[in-house]
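A short reminder: the numbers here are calculations on the coordinates, not readings from a lab. Since the model is a prediction, treat every value here as computed from it, not as a measurement. Quick reminder, even Gly has a Cβ in these numbers, built from the backbone with ideal geometry, and neighbours come from all protein chains shown.
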Ligand SMILES: [Zn+2]
């Protein structure tokens, strides 16, 4: 009987949560926020909306569920549905696996063209090119059965996102064309690694990077 009682007390004490009030200062990106922190069993709880919105995302209640999504506007994508779907698929991938690349594109690219307009002659070998804040993706790539995988397309979009940022806000202090190109390739390469892309695509980008050096 005694053993049973001790066991019961032990199990009761193990299931009881300890709630305490703590008062640490909370800083979001260096700005102090007036927030009440609650601690339950050693875990700290803070108001979700304040934190999320301060970090540029939004919180939505949909019926009984909470959705947290980055409050970023994707570029408008112009072209046939099959092409725009491919672009969106690559952007979906980036939003999960390479948020920095995704934010770069959403912030600096306002339009992605995937129409069948002829590519200017000097750009025809390129997978994509950027003019100001508009990226045009060569539909030859999207029609290429071997090369058109979302991971590779995502890296190309990141490369062009870097160019759009360079164009718009002098994102780079680099002045010569080679270094500007190198910077975009490095971001593209990083994207391939984060997306666990196949070796051929890494080789392809490394080749592009190599051609900017020699
Ligand atoms: Zn480039």
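What the table shows:
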quantity	calculated
Equivalent ellipsoid dimensions for the range 11-70 as semi-axes, Å, which come from the Cα gyration tensor, largest first	26, 19, 7
Difference of contour (0.36 nm per residue) and Cα-Cα distance, residue 177 to residue 53	40.8 nm
Packing rank of 100-107, 152-159, where each peptide gets the mean count of other beta carbons within 10 Å, highest leading	152-159, 100-107
Length gained when the stretch residue 67-residue 17 is fully extended (0.36 nm per residue, less Cα-Cα span)	15.3 nm
Pairwise label distance in nanometres, residue 147 with residue 92, each label 7 Å out on the Cα-Cβ vector	2.4 nm
Label-point separation in nm, residue 207 to residue 34, each point 7 Å along Cα→Cβ	6.1 nm
Global geometry of the range 76-213, whether rounded, prolate or oblate, following the gyration tensor of its Cα atoms and the 1.5 cut on a/c	rounded
Sites residue 43 and residue 193 - FRET efficiency at Förster radius 35 Å, r taken between beta-carbons, to 0.05	0.60
